[in-house]
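The values are calculated or read from the model by the stated rules, or taken from the named source; none is laboratory data. No experiment lies behind these values; they were computed from the predicted model shown. Positions of Cβ are backbone-derived with ideal geometry, glycine not excepted, and every protein chain shown enters the neighbour counts.
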Amino acid sequence: MAAVSGADFEKALKIGRPPNVVRLFPNSKALIVSGKVIDRGLIAKGNSMTMAANGRNQSVIRGALQAAQRANSPIIIEIAKSEGGADAYCPVNYWNMARQVDAICNELGITIPVAIHADHYGLKKEEDVEAAKVEVPTMFEAGITSIAIDASHMPDDKNLLANLALTPFIPKWAGLETEIGEIKGNLGLSTAEEALFLIQGLNAHDIFADWIALNNGTTHGIEASGQGIQVDLTAEIHEKLSKYHISGAQHGTSGNSSERLREIASKTNTTKANVATALQMISWGLKVNDYGNAILDEQGNFVKKEGEGVTEDMWKQITSYAEKQGWKGGNYKKLNLPFENRLLGQPREIRDRMAKRVEDFIYNMLVDVFSAQDTAPLAIEAILKAGSYDLGPKSERIHDPGEWTVEKIMERAASIDSDKGPEGDFDD
């Protein structure tokens, strides 16, 4: 597919940026859009998904944007609540991510559509909802264009009710993701019954999520079990949801083989694939396999590739700091916050090679695994067709709100046969 014409890009830039983005960046040439736009572009091609890159540091953001431009694919830059919320362990957060993306897009001349996604906005108990009603609007004021409401830690009825309570505080034009089932590997796997309950309840109240995330067998962080994503389960649930036209959001993509990810793209309705841990490791210069899982030495330590990523001296500082903190494996994610300024203080050629390493990895994923190449023009076409930044819902109300009152939601939930898996701290 040919690249988007200059005239179409300028028109999309004029009409496709949401009001919060226009207010923040009135003179920008960055095409920051609703998550809906990204989803529609991938749907238009079919059997393809793009990356939702967790921008834990600036090198990851730069590399991701460069890769998407090179692949002519839209992309999502995101951060989760644990990574970039009020108690963040990353320097990139809900309130500065859009500013970083906008600045880098303008610096590098990025012309593909980019969504700014607040991933895993976690609500772990009913009391969290009231605080979220205050906090969520501030995130959109700071440039967020898409959000994942994750109340999956609560029982099915409380999950649905939390989504219903919080959705009025989310702009209708914004991308919306909802979730069932905590990410617990092969424990507490999601079911079609649970998914239908959530989506039907939302539908009855005129809420039409763009994506649903499942516990379909994967894990966050470093995938060690080999179990990974259960493609057949995912396809089965997506088929049961087909009349609601909701796409899949695949969490915990890092550590799953390229072949399994190709299956997710080709056999399910997934359009969004989250990648976090792999990108952090790659930016630092660690050895990884073809799907981003860090390679360990005989002592179980990460292996740094000489001449790639951070300087050798910086890597010594990183590992020494981690050792003093008692951090190993997945807990290396906590190094992002204390080390970002040190990483940005390295020479430009070092910073560039960090971003380039991320770029090459993501480019390969977008083109050779996710089948996302040349979907940017399709996303822009969606804006031009709608004539607006607001693409509207993909579905319409099917269910009677009178059958989905609070009382009836609680009654329905009590009859669901589900296994949520063990209790525990399953990090987002």
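Results for (1) crowded, with 20+ Cβ neighbours inside 10 Å; (2) more than 20 Å from the chain's Cα centre (by Cα), shown as yes or no for each residue.
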| site | (1), (2) |
| --- | --- |
| G345 | no, yes |
| R348 | no, yes |
| V358 | yes, no |
| S388 | no, yes |
| K394 | no, no |
## Note on the structure
Of the residues in region 7-24, those that are touching a Ser or Thr at 6+ places or on another chain (Cβ under 9 Å) and in a helix (DSSP H, G or I) come to F9, L13, I15, G16, N20, V21, V22
### Query
Filtering region 318-339 down to residues that are polar (S, T, N, Q) and exposed (fewer than 15 other Cβ atoms within 10 Å of the Cβ), which residue is nearest to the chain's Cα centre (by Cα)?
N331
### Query
Which one of these does Q299 not meet: (1) farther than 14 Å from W284 by Cα; (2) assigned to a helix (DSSP H, G or I)?
(2)
#### Entry: Some residue of region 27-38 being without any contact (Cβ under 8 Å) to a residue 24 or more places away in the chain and not β-branched (V, I, T)
yes
### Task
Give region 366-396 a look and list any residue that's out of contact with any Gly (no Cβ under 7 Å at 6 or more places or on another chain), more than 23 Å from L279 (Cβ to Cβ) and either basic (K, R) or in a loop (DSSP other than H, G, I, E, B) (or both), or say none.
K385, G387, S388, D390, L391, G392, P393, K394, S395, E396
### Message
Looking only at region 245-268, count every residue that is surrounded by fewer than 20 Cβ atoms within 10 Å (Cβ to Cβ) and either of a type in the set (A, V, I, L, M) or touching a residue at least 12 places away in the same chain (Cβ under 8 Å) (or both) and tell me the total.
### Response
8
### Task
Test I398 against the criterion of being at pLDDT below 95, over 26 Å from A80 (Cβ atoms) and surrounded by fewer than 17 Cβ atoms within 10 Å (Cβ to Cβ), and give yes or no.
no
